[in-house]
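As structure tokens, the structure follows; a few thoughts come after it.
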Amino acid sequence: MTAGRSSRRRVIRMLAAAGGLAVGGTGLMAAGGGSRRAAEIWRGPALGAEASITLYHEDPEEARRLLTLAVAELRRLEKLFSLYRADSALSRLNREGRLAAPPLELVELLAFARSFAALTAGAFDPTVQPLWRLHAEHFAAPGADPAGPPAAAIARARGLIDWRQLRIESDEITFGRAGMAVTLNGIAQGYITDRVADLLRREGMRSVLVDLGEIRAVGRHPDGRPWRAGIRDPRNAEALLRILELEDRALATSAGSGSRFDAAGRFHHLFDPRTGRSAGRHASVSVMAPRATLADALSTALYAMSDEERQVLRGRFEGVEAWILRADGRREHWRA
């Protein structure tokens, strides 16, 4: 389970091949995509890494208006879920242990996260934040023990992790234990990706690619082909594990190499909440699903789950598949 400021996107980036798009820079720009319509692209920082929103429209001015709406929605939601803004709804909840009159989006996303924790028997758990905090503080200290936090400290942190103690009502969110804290970094990227894509679809857009770390494709590329996304190999930043085609689909990847606490890479941001340790079965897990919220949460959960545990998810989701790179280099294509 991911937590804190770590960003898997900086190392495991899904590179969208939109066909003729300009690369780099920040702000709006246009580039020919082999279509009568030009691509209007916003690029900039979002959720701790570089992000982009690409859409095709006959009217560049209208395209820019739509991008402005999309970025405003992105920023609004980012402020709700940020762990690094003291005034965010999530930070206030973690600081005070309760949040009165919570924003609807926070109630919705925490409720989904809690239900997903139940479905995965805790492999995904939004209350994992105390583990991230423990490891971040341990490895930031001078002369930190390379063996990681002591077992007693991990046991104390694990005592604060329990999705069942997350109490969610429309008028209040509370923790059942003092010292608990939540993170939505294993799901918020996907949720915001979906909200931005849904906004643009409601505005009539039929050819959109939203890449906020998790990718959501709306429709097809204007050339008539699917969008294409490449997933980087965590063992070699210059290589791709695979290239996938997307049409009205979302794609998310989880990999421990995305953010490491120690130089050796033994400790990373994707925890197994049930053990208190960084999950080590897999090198990366990529999930394709109809929506980015599900793809994001499921890639996080599968990263910590064993082969046997994954079997309970079969038949639970329609149109979901995963590509798993095991720690020993073996590959698996898994269908839910």
Residue by residue through region 140-194, note down the ones that are surrounded by 12 or more Cβ atoms within 10 Å (Cβ to Cβ) and of a type in the set (Ser, Thr, Tyr). THR174, THR183, TYR191, THR193
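Please enumerate the residues belonging to region 68-82 that are crowded, with 17+ Cβ neighbours inside 10 Å and over 17 Å from ASP194 (Cβ atoms). Step through it out loud before you land on a result.
In the first step, residues of region 68-82 are kept if they are crowded, with 17+ Cβ neighbours inside 10 Å; the result is 70-71, 74, 77-78, 80-82.
SER82 - this is the single residue of region 68-82 that is crowded, with 17+ Cβ neighbours inside 10 Å and over 17 Å from ASP194 (Cβ atoms).
Can you tell me which residue within region 250-269, out of those that are of a type in the set (A, V, I, L, M, F, W, C) and modelled with pLDDT under 90, is nearest to THR193 (Cα to Cα)?
Just the residues of region 250-269 that are of a type in the set (A, V, I, L, M, F, W, C), to begin with: 250-252, 255, 261, 263-264, 267.
Now restrict to residues that are modelled with pLDDT under 90: 255, 261, 263-264, 267.
Details: ALA255: 19, PHE261: 27, ALA263: 31, ALA264: 32, PHE267: 28 Å.
Looking at the filtered set, the residue picked out is ALA255.
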For the condition out of contact with any helix residue (DSSP H, G or I) (no Cβ under 6 Å at 6 or more places or on another chain), surrounded by 24 or more Cβ atoms within 10 Å (Cβ to Cβ) and part of a strand (DSSP E or B), what is the one hit in SER299, SER286? SER286
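Right, SER254: closer than 22 Å to SER115 by Cα, within 19 Å of the chain's Cα centre (by Cα) and crowded, with 22+ Cβ neighbours inside 10 Å or not? Outline the logic, then answer.
Numbers: closer than 22 Å to SER115 by Cα: yes; within 19 Å of the chain's Cα centre (by Cα): yes; crowded, with 22+ Cβ neighbours inside 10 Å: yes.
Yes.
Filter region 234-252 down to the residues that are charged (D, E, K, R), within 18 Å of GLU321 (Cα to Cα) and either in contact with a Lys or Arg (Cβ under 6 Å, 6 or more places away or on another chain) or part of a strand (DSSP E or B) (or both) and list them by number. Walk me through it before giving the result.
Narrowing region 234-252 to residues charged (D, E, K, R): 235, 238, 242, 245, 247-249.
From the residues that got through so far, the ones that are within 18 Å of GLU321 (Cα to Cα) too are 242, 245, 247-249.
Within region 234-252, ARG242, GLU245, GLU247 meet the criteria.
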Output the helices (runs of 4 or more DSSP H) that fall wholly within region 120-218 and possess 2 or more residues being at pLDDT below 95 and small (Gly, Ala, Ser), or say none. 129-140
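Tell me yes or no: at least one residue of region 257-275 is among the basic types (Lys, Arg), in contact (Cβ under 8 Å) with a residue 40 or more places away in the chain, exposed (fewer than 14 other Cβ atoms within 10 Å of the Cβ) and in a loop (DSSP other than H, G, I, E, B).
At the first step, the residues of region 257-275 found to be among the basic types (Lys, Arg) are 260, 266, 274.
This time we only want the ones that are in contact (Cβ under 8 Å) with a residue 40 or more places away in the chain, so: 266, 274.
Filter again for exposed (fewer than 14 other Cβ atoms within 10 Å of the Cβ), leaving none.
Within region 257-275 (the criterion being among the basic types (Lys, Arg), in contact (Cβ under 8 Å) with a residue 40 or more places away in the chain, exposed (fewer than 14 other Cβ atoms within 10 Å of the Cβ) and in a loop (DSSP other than H, G, I, E, B)), the answer is no, since none of the residues qualifies.
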If you check THR293 against the conditions, is it under 26 Å from TRP163 (Cα atoms), in contact with a helix residue (DSSP H, G or I) (Cβ under 9 Å, 6 or more places away or on another chain), assigned to a helix (DSSP H, G or I) and among the polar types (S, T, N, Q)? yes
Residues in region 59-94 that are out of contact with any strand residue (DSSP E or B) (no Cβ under 7 Å at 6 or more places or on another chain), part of a helix (DSSP H, G or I) and not charged (D, E, K, R): how many? 9
What are the residue pairs meeting all of these: first residue in region 144-156, first residue free of Cβ contacts under 8 Å to residues at least 12 places away in the same chain, second residue assigned to a loop (DSSP other than H, G, I, E, B) and exposed (fewer than 15 other Cβ atoms within 10 Å of the Cβ), Cβ atoms under 7 Å, and 6 or more apart or on different chains? none
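Can you confirm whether region 316-335 contains a residue that is part of a strand (DSSP E or B), small (Gly, Ala, Ser), modelled with pLDDT of 95 or more and more than 13 Å from the chain's Cα centre (by Cα)? Please lay out each step first, then the result.
Quick first cut of region 316-335, residues part of a strand (DSSP E or B) only: 321-326, 331-335.
The next check asks that each one be small (Gly, Ala, Ser); those that pass are 322.
Pick out the ones that are also modelled with pLDDT of 95 or more and you get 322.
Subset that is more than 13 Å from the chain's Cα centre (by Cα): 322.
Within region 316-335 (the criterion being part of a strand (DSSP E or B), small (Gly, Ala, Ser), modelled with pLDDT of 95 or more and more than 13 Å from the chain's Cα centre (by Cα)), the answer is yes, since at least one residue qualifies.
The values are calculated or read from the model by the stated rules, or taken from the named source; none is laboratory data. Just so it is clear, the structure is predicted and the values come from calculations on it, not from any experiment. Don't worry about glycine lacking a Cβ; one is built from the backbone with ideal geometry, like all the others, and counts go over all protein chains shown.
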